[in-house]
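In what follows, a single structure is set out as structure tokens and then discussed.
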Amino acid sequence: MSRLNVLGGLVRLMMPAGVISALYAGRLTEVEGRRIDPKAQALLDLVATVRGPEPVYDVATSRAQLAGFVERFDQPGPEGVRRTEEELPGAEGVRAARVYNPEGAKPARTLLYFHGGGWIQGSIDTHDALCAKLCAGAGIRVISYDYRLAPEAPFPRRAGRCACRLPRTGIGRAGPVRRSRAAGGGWGQRGGEPRGRADA
């Protein structure tokens with residue numbers, strides 16, 4: 001991995017979509033007649049540059065690469081967000097969770113967040129800054145849940161492991177959560193049939 005190539009990839013990613021599209025000049029990836037967004041193509045190329053030309057076949061390396069990518073390129077979360085470490089009862093025992101609250105506020109809405117990573121990589125740490133940004137930007141409480149990953153937790157049971165029940169009296173120091181004011185969300189979960197729920 002050349003630092004110059006990585007720098008070039010970062011500069012290209014920051015350019016306007018029209019400029020990026022012109023730079024690729026018809027070289028954008030197409031799948032079933034649908035062309036990828038220019039910025040998405042630039043991001044994919046940057047990831048490929050960081051990872052190198054050799055494909056990754058083992059899970060441990062893939063997880064380490066994702067963590068390293070976040071450490072190198074992710075911007076820190078905004079100020080004014082209070083984090084608390086919690087433990088929530090899950091489908092098969094207690095799991096760790098990180099709760100984000102706007103400093104000095106008691107948000108009425110809650111997002112139960114399941115991090116991306118194709119069910120095999122990622123963690124509440126790799127998505128820490130993103131959850132803080134969601135909390136600050138939307139003015140809501142965000143609960144990032146540390147669900148079990150494959151292949152240690154193989155399909156199809158992995159989706160069920162995302163289910164966690166928030167006690168009616170609240171979740172420790174984070175405060176009460178009402179079912180009518182809670183929602184689930186995350187990146188890359190659409191194809192994996194997520195069944196996460198925030199019950200109160």
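Rule-based calculations on the coordinates, nothing more; no lab input. This is a predicted model, so every value here is computed, not measured. When we count neighbours, we look across all protein chains shown, and the Cβ atoms used for this are built from the backbone with ideal geometry, even at glycine.
Taking R0 as 25 Å, what FRET efficiency do you get between Asp37 and Leu4 from their Cβ-Cβ distance, rounded to the nearest 0.05?
Efficiency for this residue pair is about 0.50.
How large is ³J(HN,Hα), in whole Hz, for each residue of the range 126-136 in order, when computed from phi with the Karplus curve 6.51 cos²θ - 1.76 cosθ + 1.60 and θ = phi - 60°, using x for Gly and Pro?
Each residue of the range 126-136 in turn: 5, 10, 4, 5, 4, 5, 5, 5, 4, 4, 5 Hz.
How big is the range 52-127 along each principal axis, measuring the range of its Cα positions in Å and listing the largest first?
Taking max minus min along each principal axis of the Cα atoms, the range 52-127 gives 48, 34, 17 Å.
Can you tell me which of 72-83, 143-154 comes out highest on packing, and rank the rest after it, using the mean Cβ neighbours within 10 Å?
Values: 72-83: 12.8, 143-154: 18.8.
Per-residue mean Cβ counts within 10 Å order the peptides as 143-154, 72-83.
Using the 2.2 N^0.38 Å rule of thumb for compact globular proteins, work out how the range 25-65 stacks up: its C-alpha Rg over that value, please.
Relative to the rule-of-thumb radius for its length, the range 25-65 sits at 1.42.
Convert each backbone phi in the range 30-35 into a coupling constant with the Karplus relation 6.51 cos²θ - 1.76 cosθ + 1.60 (shift: θ = phi - 60°), then list the ³J(HN,Hα) values in order as whole Hz, x for Gly and Pro.
10, 10, 6, x, 9, 8
If the chain between Asp58 and Asp125 were fully stretched, how many nm would it gain, using 0.36 nm times the residue separation less the Cα-Cα distance?
Values: separation 67, 0.36 × 67 = 24.12 nm, distance 2.07 nm.
The Asp58-Asp125 span can extend by a further 22.0 nm.
Give me the one-decimal Kirkwood hydrodynamic radius in Å for the range 99-156, with the sum taken over alpha-carbon pairs. Provide the component values of the computation, followed by the final result.
On the way: mean 1/r = 0.0822 Å⁻¹.
In the range 99-156 this quantity evaluates to 12.2 Å.
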